[in-house]
Amino acid sequence: CYESRRGFWHDEGNERSRSLPVSLYVTQELSRKRFHSDVEELTVDEILSPFYLSLLVASTATVLITVLGLALAYVLEKCEFRGKTFLDALVTVPIVLPPTVVGYYLILLFGRNGLFGKPIYQATGFSFTFSWEGAVLASTVVALPLMVKVSMAAIRAVDPELIHVSYSLGKSEWRTFFQIILPIAKGGVMAGIVLSFARALGEFGATLMIAGNIPGKTSTMPLAIYSAFEGGHDQRAQALALLLTLFSIATVYLAGHWTRKIR
């Protein structure tokens, strides 16, 4: 009986030793095929399409952020009114909340059945959900606090005496802003614009919630990187991540260099 058991384990051990190289070979072949598959799928369109969409979304959001951010910064810094503290908190809260929570609130407000989204959809047939405009909305809301806070600090740094002299010379509040305050604070304002653009370029959570992840339509660079990684396309994810990183570094560096020159 002992000899028979010994023979059984000896035969099974031989089978395992013979099957081990086969399993290693199969694993190597699958890995090699997966690598070649990633390389073959790495086309220029799959890289540039989300990149161009991200530039479109971030640039459009930055224009809106610049206009809204400067207006809010001036109002919050120079004006006194009831509810000012609440408005300041409302503008700042997207920095504190997770982006997915911000996206959820955007759905409640601007979704097809949202508070503002429903009447807009009924009147025009337009909806922010699952559209690149929804990605612009998400990027604008998330990046706006950066523009407001940096611009407020830049406006606060302007000498109040210059503003009083401008008023004493008969210039209106708007002319004083564009001719006195804005030229002096332009360095800080430019920094806010650059930071807002970089934040809008990298927005992920809120965009995913309201705009979705539709390739060629709402799939920006961060969403495309996530999809590529989840799908096992490591080469594509690496290429997209590297392109986004290099572009972001170049943008911040050039903008910082230009800001120092215009001060």
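No lab work stands behind these numbers, since they all come straight from the coordinates. This structure is a prediction, so every number in the text was calculated from the model and none was measured. Glycine gets a Cβ as well: all are built from the backbone with ideal geometry, and neighbour counts include every protein chain shown.
Taking only pairs six or more apart or across chains, which ones have beta-carbon atoms under 7 Å, a first residue in the stretch 155-168 that is on the phi < 0 side of the Ramachandran plot, and a second residue that is in a loop (DSSP other than H, G, I, E, B) and surrounded by 13 or more Cβ atoms within 10 Å (Cβ to Cβ)?
Ile155/Ala185; Ala157/Ala185; Val158/Ala185
Pick out the one residue from Val148, Val93, Val189, Val165 that is of a type outside the set (Gly, Ala, Ser), under 17 Å from Ile65 (Cβ atoms) and surrounded by fewer than 19 Cβ atoms within 10 Å (Cβ to Cβ).
Val93
What number of residues within the stretch 109-130 satisfy the criterion of being surrounded by 20 or more Cβ atoms within 10 Å (Cβ to Cβ) and in contact (Cβ under 8 Å) with a residue 24 or more places away in the chain?
4
Only one of (1) within 22 Å of Thr220 (Cβ to Cβ); (2) in contact with a helix residue (DSSP H, G or I) (Cβ under 8 Å, 6 or more places away or on another chain) is not met by Phe130, so which one is it?
Exception for Phe130: condition (2).
Please go through the stretch 229-253 and give me each residue that is surrounded by 15 or more Cβ atoms within 10 Å (Cβ to Cβ) and among the β-branched types (Val, Ile, Thr), ordered by number.
If the condition is that a residue be surrounded by 15 or more Cβ atoms within 10 Å (Cβ to Cβ) and among the β-branched types (Val, Ile, Thr), then Thr251, Val252 are the ones that fit.
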